[in-house]
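For reference, the structure is listed below as structure tokens.
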Amino acid sequence: MRLNKYIASAGICSRRKADELIANGNVRINGALMRTPGYIVEEGDKVSVNGKVIEGETRKVYIALNKPTGYITSMKDEHDRLTVADLITDIPERIFPVGRLDYNTSGLLLLTNDGDLAQKLAHPGHEVTKTYLATVEGVISDARLNRLRKGVDIGGFVTSPARVRVAKQMPRSTVVEITIHEGKNRQVRKMFAAVGNNVQKLERVSIGDIRLGRLLQGHYRKLTRQEIDYLKSL
């Protein structure tokens, strides 16, 4: 098995991140520094990452978490801020988030130790849809909704057409359901700001056909076999 795939199969990170670890000199084979991602790991080889020996092909785990606001989408943080790892208490395998959710955004986050699947879902070519409920300031006009549907400039990048509908109208704010397939940093917030309705609250409610449902904030569940098969089929 290629070295980068071996590292990914051990649940350390995606294959792309494994390439970075190898290039940066964080990987050793039988004690010797290895910078070749295509090195073929053979039976008996001892592979270590950052000084820790790893084993490939660990049991694959797939988790859906309802991330609360105030948590970093990372398994550790050098500034000792709360991370999603603080919410995962009974999973012995080393898992990592698939994609990201902003510190101030709540909702559905997938975590796994399947590096190949994580890399696949993160690739822009797969265009996995993500649906959010955004509570925005004021009333949002049909003209602004149509701008979002057609695509808006969020600072040097014009978004692809989005599916948008008003879910609830309140006296001073509006809840809007928006579905996109891109994943630019703070994209949904920037999209609404571009049309003049700043986001007050943002929650991701689905990733493709995987739905948040009634999962409570801070809680998580294992994906069903049907959900895992669906993600692998994308």
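The values are calculated or read from the model by the stated rules, or taken from the named source; none is laboratory data. On a predicted model such as this, the values are computed, not experimentally measured, just so you know. Counting neighbours? That spans all protein chains shown, and the Cβs are built from the backbone with ideal geometry, glycine included. Heavy atoms of the whole protein, side chains included, go into the accessibility calculation; ligands, DNA and RNA do not. Shrake-Rupley method; radii C 1.70, N 1.55, O 1.52, S 1.80 Å.
See the values below:
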quantity	calculated
Complete set of residues in region 192-218 that are without any contact (Cβ under 8 Å) to a residue 60 or more places away in the chain and under 29 Å from residue 233 (Cβ atoms)	209, 213, 214
Which listed residue is of a type in the set (D, E, K, R), over 21 Å from residue 100 (Cβ atoms) and either surrounded by 19 or more Cβ atoms within 10 Å (Cβ to Cβ) or out of contact with any helix residue (DSSP H, G or I) (no Cβ under 7 Å at 6 or more places or on another chain) (or both), from 190, 168, 184	168
Region 50-64: number of residues that are touching a helix residue (DSSP H, G or I) at 6+ places or on another chain (Cβ under 6 Å) and either open to solvent by 50 Å² or more (accessible area, probe 1.4 Å) or closer than 22 Å to residue 99 by Cβ (or both)	2
Failed item in (1) at pLDDT below 90; (2) touching a helix residue (DSSP H, G or I) at 6+ places or on another chain (Cβ under 8 Å), with residue 93 passing the rest	(2)
Count of region 65-74 residues which are within 17 Å of residue 205 (Cβ to Cβ) and either out of contact with any Pro (no Cβ under 6 Å at 6 or more places or on another chain) or open to solvent by 60 Å² or more (accessible area, probe 1.4 Å) (or both)	5
Strands (runs of 3 or more DSSP E) wholly inside region 1-82 that include at least 1 residues being among the charged types (D, E, K, R)	27-29, 52-54, 62-67
Scan of region 111-131 for residues that are closer than 13 Å to residue 14 by Cβ and either open to solvent by less than 10 Å² (accessible area, probe 1.4 Å) or in contact (Cβ under 8 Å) with a residue 12 or more places away in the chain (or both), ordered by number	111, 112, 113, 114, 115, 116, 117, 118, 119, 120, 121, 122
Test result for residue 228, outside any loop (DSSP other than H, G, I, E, B), open to solvent by less than 30 Å² (accessible area, probe 1.4 Å) and farther than 21 Å from residue 104 by Cα	yes
Those helices (runs of 4 or more DSSP H) lying entirely in region 112-217 with at least 2 residues under 19 Å from the mean Cα position of the chain (by Cα) and closer than 23 Å to residue 64 by Cβ	115-122, 187-195
Subset tally (residues that are surrounded by 14 or more Cβ atoms within 10 Å (Cβ to Cβ), closer than 26 Å to residue 125 by Cβ and charged (D, E, K, R)) for region 193-218	2
Identity of the residue in region 145-162, of a type in the set (D, E, K, R) and touching a residue at least 24 places away in the same chain (Cβ under 8 Å), that ends up nearest to residue 102 (Cα to Cα)	153
Output for region 75-110, where each listed residue is open to solvent by 30 Å² or more (accessible area, probe 1.4 Å) and of a type in the set (Ser, Thr, Tyr)	89, 103
